[in-house]
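A quick write-up on the structure given underneath.
Coordinate-derived values only; no laboratory data. Predicted, not measured: the structure shown is a model, and the values here were computed from it. Quick reminder, even Gly has a Cβ in these numbers, built from the backbone with ideal geometry, and neighbours come from all protein chains shown.
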Amino acid sequence: EPAAAQPVAGADGVTDLVRLAEERAVLSDQVAASKFGTGKAVTDPAREAVVIDGARADAARAGVDPEWAAQVFQDQITASTQVQNDLLRQWAAQPALRPSGKPDLTTIRPELDRIGTEIITALEAAEPLREAPDCAPTLDRAVATESADLDQIHRAALDEALHSICAR
Ligand SMILES: O=C(O)C(=O)C[C@]1(C(=O)O)C=C[C@@H](O)C=C1
């Protein structure tokens, strides 16, 4: 009898990470709209430090490798920055695409924080797969399943966001 596909330990965590990274990349449209509306710079080094230091502390509390968490959150920031710059370029060139609203960063950042908390939980669940040869193929399958509806900007950002999930 052929072996049935074994459930891979940590696969649900990896799938959750893909969903959460996608949610964060899409929420970056709102961040971009707020930057567009206010003329504020995309990059805010003080906020980045808060996000990374918070991730490191939350990871340590959850028993997750803090340096892994810090790298994964750095990748989320890189992905968000990429989405924002891509959209701001698009909106500069094509006024018809510009957002009408001016969302407030003080309401979006708590949403980013909520996603961040869920990312820590997903890292905890994914940790058994991190060093395993199964990690990359599991991640690839989850991306293929979850990212079907993404446009090019968000698809490219998702790849950035997931760089550090698997060790190899
Ligand atoms: O909070 C912001 O202002 C964002 O642009 C989001 C974000 C992030 O991904 O967390 C991205 C870039 C900034 O340098 C700081 C934080």
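Return the pair list, or none, for Cβ contacts closer than 7 Å from residues in the stretch 146-159 that are in a loop (DSSP other than H, G, I, E, B) to residues that are surrounded by fewer than 17 Cβ atoms within 10 Å (Cβ to Cβ), at least 6 apart or on different chains.
Matching pairs, first to second residue: 147/155.
So for the stretch 111-129 (the condition being within 16 Å of the ligand (Cβ to nearest atom) and not in a helix (DSSP H, G or I)), does at least one residue qualify?
Taking every residue of the stretch 111-129 in turn, none turns out to be within 16 Å of the ligand (Cβ to nearest atom) and not in a helix (DSSP H, G or I).
Among the residues of the stretch 67-84, what is the count of those that are more than 15 Å from the chain's Cα centre (by Cα) and buried (at least 18 other Cβ atoms within 10 Å of the Cβ)?
The number of residues fulfilling the criteria is 0.
Check the stretch 109-116 and report whether any residue there is crowded, with 16+ Cβ neighbours inside 10 Å and in contact with a Gly (Cβ under 9 Å, 6 or more places away or on another chain).
Checked the stretch 109-116: at least one residue is crowded, with 16+ Cβ neighbours inside 10 Å and in contact with a Gly (Cβ under 9 Å, 6 or more places away or on another chain).
Has the stretch 4-19 got at least one residue that is without any contact (Cβ under 8 Å) to a residue 12 or more places away in the chain, surrounded by fewer than 20 Cβ atoms within 10 Å (Cβ to Cβ) and hydrophobic (A, V, I, L, M, F, W, C)?
yes
Could we say that residue 64 is part of a helix (DSSP H, G or I), away from the ligand (no atom under 16 Å from the Cβ) and surrounded by 17 or more Cβ atoms within 10 Å (Cβ to Cβ) here?
Values: part of a helix (DSSP H, G or I): no; away from the ligand (no atom under 16 Å from the Cβ): yes; surrounded by 17 or more Cβ atoms within 10 Å (Cβ to Cβ): yes.
Judged against the criteria, residue 64 is not a match.
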